[in-house]
Structures are given as C-alpha cells and as structure tokens.
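Below is one structure, written out as structure tokens; comments come after it.
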Amino acid sequence: MIRVISISLISYRLRERKRDSKKEGKRLNIWLKQQKTQIFCFLFLFLTLLCCKKMVPGIEKGSASVDSGHARLHELGYKQELKRDLSVVSNFAFSFSIISVLTGVTTLYNTGLTYGGPVSLAYGWLIAGAFTMIVGLSMSEICSSYPTSGGLYYWSAKLAGPGWAPFASWITGWFNIVGQWAVTTSIDFSLAQVISVIILLSKGGKNGGGYEASKYVVIGIHGAILLLHAIINSLPITLLSFFGQLAAAWNLVGVFVLMILIPTVATERASAKFVFTHFNSDNGEGINSKVYIFVLGLLMSQYTLVGYDASAHMTEETKSADKNGPRGIISSIGISVIVGWGYILGITFAVTNISDLLDENNDAGGYAIAEIFYQVFKSQYGTGVGGIICLGVVAVAIFFCGMSSVTSNSRMAYAFSRDGAMPFSSVWHKVNNQEVPINAVWLSAFISFCMALTSLGSSVAFQAMVSIATIGLYIAYALPIFFRVTLARKSFIPGPFNLGRFGILVGWIAVLWVATISVLFSLPVSYPITNETLNYTPVAVGCLFILFIASWIFSARHWFRGPITNIDA
C-alpha cells in the first residue's frame with residue numbers, strides 16, 4: 001500500500017513538474033515575444049561593432065611606426081599643434097555623444113507623436129537612418145583623404161579646385177560653424193527645459209501645484225549649463241577624452257535600460273499592431289494628407305541624426321586619423337540608428353493615449369516622454385519618483401551631448417580662424433599650454449548663449465534659430481560631397497577608406513537627400529498659415545545665405561584665400 005502511495009506521489013510530482021515546466025516555457029515565450037525588439041537590437045549592435053572593427057584596413061596596432069594621420073596632416077601643409085592623443089574609441093565617442101539618441105528622440109518625441117505617431121516614429125527613423133548612413137559614407141571617404149580639424153570647409157576648398165576654393169570653403173565653413181553653434185544652443189536649451197520639467201514633477205506636477213519655471217529661469221539654467229561645458233572643455237584633451245568615452249557609455253547603457261525598463265514597468269502596454277501600424281492623423285494642425293504628415297514626422301529622426309562631423313573635427317587629435325576618423329563617423333551613425341530604433345519602439349510600447357500625452361495640462365506640461373515615464377511608475381507603484389529618475393538619466397545624456405558639441409564647435413572655430421576666416425582670427429586659433437584651443441572654447445559657449453536669448457523675445461524667432469541646426473549643418477555636409485561628385489569627379493585621390501566605384505553613386509544620393517530634406521523641412525507645419533504658425537526655416541537659412549554671400553562679395557573675396565598652410569607641404 002505504501003509502495004503504491006509512494007509511486008502515486010512520485011507520479012503526481014512528475015506531472016506537476018511537467019505542468020510547471022510548460023507554464024515556465026509559456027512565460028519564457030511570452031517574455032521573448034515582448035522583448036524581441038530589444039534582443040534584435042542587441043544582436044544588430046554586436047554585428048555592427050564587428051563590422052566596424054574590420055571596416056577600415058590597417059587599423060591594427062603596430063601597423064605603422066609613424067602615425068599616418070600626423071604624416072597626412074604634414075602633407076596637407078599643417079603643423080601638429082593639437083595633442084594627438086585620442087583613440088578610435090574616443091573619436092567615435094564624441095560623434096556618438098552629439099548624435100545622442102536620448103537627446104534627440106526625447107526632446108522631439110512630441111513632434112513624432114503629433115505628425116504620424118507610431119508609424120512616423122518607427123519607419124521614419126529607419127528611412128532617415130538609411131539616408132544618413134549614405135551621407136556619412138560619402139563624408140567618411142573625404143575625411144580619410146583630408147583628416148584636418150577644418151573638416152567640411154577644408155574638404156570643399158580642396159575638392160572645388162583652385163579657382164573656386166576660397167568661395168567654396170567660405171560658404172561651407174560658415175554654414176558649418178553657425179549650424180554647430182545652433183546645435184549647441186538647441187541641445188543645452190533642451191536640457192534646461194528637461195531640468196525645469198524634472199523640477200515641476202518633483203514638486204507634484206502641473207496638476208499638483210508643482211513649480212513651473214519662467215522663461216527667465218530656463219535661460220538662466222541654460223547659461224549655467226554652458227558655463228559648465230566651457231569649463232570642462234578647457235581641460236586637457238586626455239581628461240576630455242575620458243569624459244567623451246563616459247558620455248558614449250552613458251548614452252549606450254541608458255538607451256538599453258530605458259527601452260527595456262519602461263515597457264516592463266508599465267501596467268498598460270500598447271499592442272504590436274498599434275506600435276507598427278497606427279498612424280496618428282489627428283494632429284490638430286489642419287493637415288489631412290497622410291504623406292505630408294509623415295514627412296513632417298521625419299523631423300524628429302533627422303534632427304537627432306546630426307553632428308557626426310565631430311569625428312572629422314577631432315582628427316588632428318586622433319591617432320591614425322585617416323583611418324579612424326571615417327571609422328568614427330560610420331560607427332557612430334550605425335550604432336545610433338540601431339539603438340535609437342530600439343529606444344523608440346520600447347517607449348512607444350508604453351503609449352496608450354496620444355492625446356493625453358500631448359495635452360499641455362498633464363502633469364509634465366505636455367512633455368510627452370516625461371509624462372510617459374512619470375505615469376508608468378505612478379500607475380505601478382503609486383509614485384512617479386522612478387519616472388523622474390529615468391528623466392534624470394536622459395538629462396545626464398543631454399548634458400554630455402552638449403559637452404561634446406562644444407568640443408566640436410571649438411575645433412571648427414580653431415581651424416576656421418587658423419585660416420583667417422573669422423573676425424579676430426588671431427585670438428581664436430591660439431592654444432594654451434595644455435594644447436587646447438581655449439579661446440575658441442569660450443567663444444563657442446558665449447555665442448550659443450547669445451543665440452538662446454532670442455527665446456526671451458519670441459518663440460518663433462528661437463525656432464527659426466534652432467532650425468538652422470538641422471538644415472544649415474546638412475547644407476555644409478552636402479557641399480563638399482557635391483564638389484566631390486562634380487568638380488573633383490576625376491581628380492579626387494582617396495585615402496585608406498574609400499567607396500571605390502560606388503563613390504560617385506553614393507555621393508549623388510547623399511546630395512539629393514540633403515536637397516530633399518531641405519525642402520521638406522521648409523514646408524508649413526500648420527494651417528492656416530499665420531505669423532505664429534509660419535515655418536521660418538527657409539527665412540532663417542535664406543537670410544544666412546544672403547549674409548554669407550554679401551560678406552563674400554563686399555569683403556572676403558578681396559582677402560580670403562581659403563585654407564592657409566603653416567608649413568611647406
């Protein structure tokens with residue numbers, strides 16, 4: 001009898017274990033389905049890193065006794081004045097930190113939700129990412145041949161030929177540097193706004209009597225952030241390199257943590273059908289055409305995927321820059337596209353009511369991602385503290401993004417003034433005892449602060465200023481590529497990284513893409529068109545172009561000769 005009972009108990013336990021195993025298997029399958037996007041991103045990130053490692057030949061240590069970047073800089077006619085101490089990882093880190101998925105996606109998520117919603121967010125990112133990679137490939141090919149801090153304007157001078165060199169470098173250089181100042185302005189102003197939202201939520205939110213910062217408080221925070229960035233960028237390049245790598249690590253880890261944590265904690269989740277197929281046409285802006293709405297939704301993606309020219313501006317401080325500069329550009333774009341898509345999808349799985357997220361009367365004052373973070377934790381734990389901490393993770397990423405942007409700005413200002421293109425050039429191209437262009441650092445921070453002051457007078461004026469960040473920079477990206485595929489089609493001598501026979505085709509696609517987005521982002525974003533709803537992007541960029549042309553005709557053409565060598569090449 002006891003034996004029968006024992007056998008029965010054993011059989012029962014085996015059946016229980018089998019049922020438990022099935023339950024665990026079902027749970028595992030459910031979890032894998034929920035997390036398949038994140039796993040997909042991890043796998044692609046790993047493959048991208050492997051590809052980047054083998055992308056540029058001759059990068060291995062000990063491949064040359066003399067640094068190839070130093071030798072190439074000497075051939076181009078420049079002394080080695082900046083300390084060449086950056087590794088390929090550090091070079092990549094600066095561009096990756098400026099692209100900063102956490103910065104661009106978080107601050108412009110409202111735009112994506114308004115114009116198209118999940119469809120614009122998910123597919124618009126992939127479209128913009130693919131074409132951005134094409135632009136980056138063309139820039140990398142040129143960077144490999146001309147690894148100097150001047151970057152884009154130097155490339156234009158060399159590729160346009162002796163007759164057009166001064167004018168080409170003048171236009172490219174000014175679009176590049178003003179675009180960079182506008183980028184720094186928008187990044188640090190976005191951080192000031194995020195900090196003000198964190199303060200608001202920490203005090204109970206808009207509906208709980210929280211403190212709402214005035215525009216004067218926001219501009220004060222913005223000024224303090226720029227001051228910190230200028231101080232950090234005054235440090236020796238070795239320390240700055242450490243901060244750059246820390247910034248890249250923070251952005252990378254932060255993206256993965258948030259894109260997994262937020263949908264996991266959420267008590268209500270959107271379906272996969274909603275995330276991949278829902279199109280939000282109820283934007284309240286008087287626009288009904290789905291194609292038009294989708295195009296406007298691309299702004300979030302294209303604004304985020306900008307700033308990777310930092311790898312080119314850091315080449316005079318990068319080891320084997322003719323190889324590692326291109327590697328920095330390509331890897332920063334590729335990895336940003338992959339992890340950015342994962343971040344977008346992860347956050348969108350926590351979206352259940354678009355109109356509530358965009359409502360200016362919600363706890364975060366209409367700041368969509370902040371509201372998502374706050375409500376996800378509040379609904380799960382009864383308090384939104386966890387969401388505020390997540391928003392703090394984003395704020396640190398934006399801080400690092402602005403820091404790297406000032407670094408890139410200062411190197412461009414240093415190189416441009418070295419060639420006499422800026423007022424008081426002799427002041428801005430000086431380096432201190434730590435081989436840092438200290439005056440250029442503080443100039444970049446000061447001008448970015450001045451550009452942000454427009455927000456005190458008019459939000460329209462500030463938006464016009466910020467619009468220069470995307471269009472102005474991409475015009476600067478496209479000009480040297482255009483010269484590469486036209487005037488220098490047969491004379492261009494490629495460096496270690498080159499696209500071979502596909503260089504011309506890739507270059508033309510890049511130029512056409514920039515021309516396309518320049519038109520698209522100049523379109524009205526709201527109807528009917530009034531003084532408040534008019535898109536001032538074409539006005540701002542057009543005024544800049546007229547200013548640059550006028551300064552050339554009436555002054556610069558008489559004395560500016562393009563890049564000036566400071567040694568005998």
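Between Ile529 and Asn288, the distance separating the two model label sites (each 7 Å from Cα on the Cα→Cβ line) works out to 1.9 nm.
Please work out how much length the chain gains when fully extended from Lys203 to Thr277, using 0.36 nm per residue of separation minus the C-alpha to C-alpha distance, in nm with one decimal.
Working: separation 74, 0.36 × 74 = 26.64 nm, distance 3.70 nm.
That pair, Lys203 and Thr277, stretches by 22.9 nm at full extension.
Over the residues of segment 325-423, compute the C-alpha Rg and express it relative to 2.2 N^0.38 Å. Before the final figure, lay out each step's value.
Working: Rg = 19.2 Å, N = 99, 2.2 N^0.38 = 12.6 Å.
With N residues counted in segment 325-423, Rg over 2.2 N^0.38 Å equals 1.52.
How long are the three semi-axes of the equivalent ellipsoid of segment 356-469, in whole Å, if each is the root of 5 times an eigenvalue of the C-alpha gyration tensor, listed from largest down? Intermediate results must be reported in sequence, preceding the final value.
Details: eigenvalues 315, 69, 15 Å².
Result for segment 356-469: semi-axes of 40, 19, 9 Å.
The translational diffusion coefficient of segment 185-323, from Stokes-Einstein at 25 °C and 0.890 mPa s with a Kirkwood hydrodynamic radius over alpha carbon pairs, comes to 126 µm²/s.
May I ask for the Kirkwood hydrodynamic radius of segment 146-245, worked out over all distinct Cα pairs and given in angstroms to one decimal? Walk me through the numbers before you get to the answer.
On the way: mean 1/r = 0.0597 Å⁻¹.
One decimal place: 16.8 Å for the Kirkwood radius.
For the pair Ala130 and Thr352, label points projected 7 Å from Cα toward Cβ lie 3.5 nm apart.
Beyond 22 Å in Cα-Cα separation lie the following of the pairs Lys79/Lys323; Lys273/Lys378; Lys79/Lys158: Lys273/Lys378. The radius of gyration of the Cα set in segment 172-226, together with its Dmax, comes out at 14.5, 50 angstrom.
Normalised by residue number, the volume inside the convex hull of the Cα atoms of segment 392-547 is 201 Å³ per residue. Taking max minus min of the alpha-carbon positions on each principal axis, segment 381-444 gives extents of 60, 23, 12 Å, largest first.
Across the alpha-carbon set of segment 206-261, the Rg to Rh ratio works out to 1.16, Rh being the Kirkwood radius.
Considering only protein heavy atoms and a probe of 1.4 Å, how much of the accessible area of segment 177-304 is carbon and sulfur, as a whole percent? In segment 177-304, the share of accessible area belonging to carbon and sulfur is 66 percent.
For Asn361 and Ser555, calculate 0.36 nm times their separation in residues minus their Cα-Cα distance, and state this gained length in nm to one decimal. Write down the numbers at each step before the final one.
On the way: separation 194, 0.36 × 194 = 69.84 nm, distance 5.21 nm.
Full extension of this stretch gives 64.6 nm more.
How big, in percent, is the set of alpha carbon pairs in segment 243-310 lying more than 21 Å apart? Intermediate values should be presented prior to the final figure.
On the way: 1216 of 2278 pairs.
When all Cα pairs of segment 243-310 are counted, 53 percent exceed 21 Å.
Ignoring any ligand, DNA or RNA, what whole percent of the accessible area of segment 411-569 comes from carbon and sulfur when the probe is 1.4 angstrom?
Values: 5290 of 7710 Å².
About 69 percent, which is the carbon plus sulfur part of the accessible surface.
Considering segment 290-370, its Cα convex hull presents a mean projected area of 7.7 nm². Segment 358-381 and segment 150-208 have Cα centres spaced 29 Å apart.
Choose one of Gly208, Val255, Gly284: the residue whose Cα lies farthest towards the positive end of the charge dipole of segment 198-310 (beta-carbon charges +1 Lys, Arg; -1 Asp, Glu; about the Cα centre). Of the listed residues, the answer is Gly208.
When the chain is fully extended, how far beyond the present Cα-Cα distance does Ser87 get from Leu228, taking 0.36 nm per residue of separation? Could the numbers behind the result be given before it?
Values: separation 141, 0.36 × 141 = 50.76 nm, distance 2.47 nm.
Additional length available on full extension: 48.3 nm.
With the simple spin-label model, which puts each label point 7 Å out from Cα in the Cβ direction, the Lys79 to Asp67 separation comes to 1.6 nm.
The values are calculated or read from the model by the stated rules, or taken from the named source; none is laboratory data. Values in this document were obtained by computation on a predicted structure and should not be read as measured data. We place every Cβ from the backbone using ideal geometry, glycine too, and count neighbours over all the protein chains shown. Heads up: the accessible areas ignore ligands, DNA and RNA and are worked out on the full protein's heavy atoms, side chains in. Shrake-Rupley method; radii C 1.70, N 1.55, O 1.52, S 1.80 Å.
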